[in-house]
1. Please determine whether any residue of the range 15-25 is among the charged types (D, E, K, R) and either part of a loop (DSSP other than H, G, I, E, B) or within 30 Å of Lys144 (Cα to Cα) (or both).
2. Find the residue count for the range 103-121, including only residues that are within 10 Å of the chain's Cα centre (by Cα) and not small (Gly, Ala, Ser).
3. What residue, of Lys69, Lys93, is among the basic types (Lys, Arg), assigned to a loop (DSSP other than H, G, I, E, B) and closer than 25 Å to Ser119 by Cβ?
4. When only residues in the range 42-83 that are at pLDDT 85 or above and of a type in the set (S, T, N, Q) count, which is least open to solvent (accessible area, probe 1.4 Å)?
5. Kindly state which helices (runs of 4 or more DSSP H) lie completely within the range 115-161 and contain at least 1 residues that are at pLDDT 75 or above and open to solvent by 40 Å² or more (accessible area, probe 1.4 Å).
6. Are there any pairs, at least 6 apart or on different chains, whose C-beta atoms fall under 6 Å, with the first in the range 35-58 and over 19 Å from Asp80 (Cα atoms) and the second among the polar types (S, T, N, Q) and part of a helix (DSSP H, G or I), and if so, which?
7. From (1) of a type in the set (Val, Ile, Thr); (2) part of a loop (DSSP other than H, G, I, E, B); (3) within 18 Å of Ile146 (Cα to Cα), pick out the condition that doesn't hold for Val106.
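The values are calculated or read from the model by the stated rules, or taken from the named source; none is laboratory data. Since this is a predicted model, take the numbers as computed values, not measurements. Methodologically, a virtual Cβ is constructed for each residue, glycine included, from the backbone with ideal geometry; neighbour enumeration extends over all protein chains shown. Accessible surface is based on the protein model in full, side chains and every heavy atom, while ligands, DNA and RNA are left aside. Shrake-Rupley method; radii C 1.70, N 1.55, O 1.52, S 1.80 Å.
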Amino acid sequence: MRSMLRVALEGAFTNFKRIFFAADRVTDMELRRQISTLSVEVDDRVDESACIGCAGCANVCPTNAIEMKKLAAPVKITDDWIKNEVPEINLEKCIVCYYCHDFCPVYSLYGQKGTIHPSCVGDQEVNVNELIEQPVKISEDKLKVIATYLSDKTVLKNREDGE
């Protein structure tokens with residue numbers, strides 16, 4: 001009986017510390033304030049200014065969590081490339097596999113930060129107009145695999161169906 005009372009008191013003391021002093025908490029006080037006031041600012045998952053609008057991320061997504069949304073006005077990246085769409089991640093469908101990030105041409109072909117990320121894309125410092133004019137820094141065999149995934153949405157479906 002004595003040990004049960006001791007366990008109960010220790011538990012009560014631990015909970016008291018957690019509630020009133022935020023002990024053992026992962027979130028900081030500012031985040032908890034934002035949560036309680038419903039003012040949490042969500043991190044950007046797509047950097048629209050650095051995205052080239054190729055839809056490769058949408059093609060490679062195994063859960064179809066990425067849809068391309070039309071831009072209000074087309075953006076000219078190069079003489080041959082005009083961006084009309086940018087990706088939007090549906091977090092209810094996203095399984096955080098990072099295919100979108102890993103197959104983003106800005107990341108996979110040019111070695112820059114990917115313009116899409118399931119958690120937080122972060123700050124981009126990429127001038128896409130200059131980047132796309134540079135030669136690709138990747139071997140020919142890897143380029144073929146990546147190009148297949150980026151250009152053909154049926155690749156993942158065929159792989160899932162066992163073809």
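1. We begin by selecting, within the range 15-25, every residue among the charged types (D, E, K, R); these are 17-18, 24-25.
Pick out the ones that are also either part of a loop (DSSP other than H, G, I, E, B) or within 30 Å of Lys144 (Cα to Cα) (or both) and you get 24-25.
Yes, the range 15-25 contains a residue that is among the charged types (D, E, K, R) and either part of a loop (DSSP other than H, G, I, E, B) or within 30 Å of Lys144 (Cα to Cα) (or both).
2. From the range 103-121, those within 10 Å of the chain's Cα centre (by Cα) are 114-121; that's our starting set.
Next cut, not small (Gly, Ala, Ser) only: 115-118, 120-121.
Number of matching residues: 6.
3. Details: Lys69 fails: assigned to a loop (DSSP other than H, G, I, E, B).
The conditions single out Lys93.
4. Selected residue: Asn59.
5. Working: elements: 128-131, 140-151, 154-160.
It comes to 128-131, 140-151.
6. Sorted first by the residue in the range 35-58, then by its partner, the pairs are Val40/Gln34.
7. Among (1) of a type in the set (Val, Ile, Thr); (2) part of a loop (DSSP other than H, G, I, E, B); (3) within 18 Å of Ile146 (Cα to Cα), Val106 violates only (2).
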